[in-house]
Amino acid sequence: MPDERCDLLCLDLPRAEAIRQRLQPGLAEHAAARAKALADPTRVLIALALRDGEELCVCDLAWIIARAENLVGHHLRALRSAGLASSRREHKIVFYALTDAGRQLLDAHLELAGAT
């Protein structure tokens, strides 16, 4: 297995520093949190169901993906916290939907996985 490090210091300091200055750690944190929200198969199933159903309650989602309602609720909180899903209450029922960001990220993940 080849070593992943250079055998000598070959730093192109002006180029490396220019790139370093353009990096945005806050943006990286935000992007990683969103990607992490879709790093669970159950959350991907929920996102797929929301994409197809547009707006669904926890009861419907639990039935669709064959998981317990409390588990679905837990995963929906993760999707909402990452800004990938939204919710609205109508009397005693809470409906969930993918946000535009959630739909775009899901579609990008599916395209890269070869499942469009």
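With respect to being open to solvent by 80 Å² or more (accessible area, probe 1.4 Å) and among the charged types (D, E, K, R), ASP52 fits the description.
For PRO2, are the conditions met, namely being at pLDDT below 85 and over 15 Å from LEU105 (Cβ atoms)? Yes.
Checking the conditions here, which among ALA49, ALA33 is closer than 30 Å to PHE95 by Cα, touching a residue at least 40 places away in the same chain (Cβ under 8 Å) and either out of contact with any Gly (no Cβ under 9 Å at 6 or more places or on another chain) or part of a helix (DSSP H, G or I) (or both)? Lay out the reasoning, then the answer.
On the way: ALA49 fails: touching a residue at least 40 places away in the same chain (Cβ under 8 Å).
Just one listed residue meets the conditions, ALA33.
Could you please find all residues in segment 60-98 being within 16 Å of LYS36 (Cβ to Cβ) and open to solvent by less than 50 Å² (accessible area, probe 1.4 Å)? Hits for segment 60-98 are HIS75, LEU76, ALA78, LEU79, ALA82, GLY83, LEU84, ALA85. Filtering segment 36-49 to residues that are open to solvent by less than 40 Å² (accessible area, probe 1.4 Å) and out of contact with any His (no Cβ under 8 Å at 6 or more places or on another chain) leaves ALA37, ALA47, ALA49. Output the residues belonging to segment 59-74 that are of a type outside the set (S, T, N, Q), farther than 19 Å from LEU106 by Cβ and assigned to a helix (DSSP H, G or I). Residues satisfying the conditions are CYS59, ALA62, TRP63, GLU69, LEU71, GLY73.
Suppose the filter is open to solvent by 50 Å² or more (accessible area, probe 1.4 Å), among the aliphatic types (A, V, I, L, M) and modelled with pLDDT under 85; does LEU112 pass it? Taking the combined requirement at face value, the residue satisfies it.
Mind counting the residues in segment 66-95 that are farther than 15 Å from GLU55 by Cα and either touching a residue at least 60 places away in the same chain (Cβ under 8 Å) or not small (Gly, Ala, Ser) (or both)? Looking only at that region, the number is 9.
Every condition in (1) of a type in the set (D, E, K, R); (2) free of Cβ contacts under 8 Å to residues at least 12 places away in the same chain; (3) in contact with a helix residue (DSSP H, G or I) (Cβ under 8 Å, 6 or more places away or on another chain) is met by ARG43 except one, and the failing one is (2).
The values are calculated or read from the model by the stated rules, or taken from the named source; none is laboratory data. Being a predicted model, the structure only gives us computed values, none of them experimental. Cβ atoms come from the backbone with ideal geometry, glycine included; neighbour counts cover every protein chain shown. Heavy atoms of the whole protein, side chains included, go into the accessibility calculation; ligands, DNA and RNA do not. Shrake-Rupley method; radii C 1.70, N 1.55, O 1.52, S 1.80 Å.
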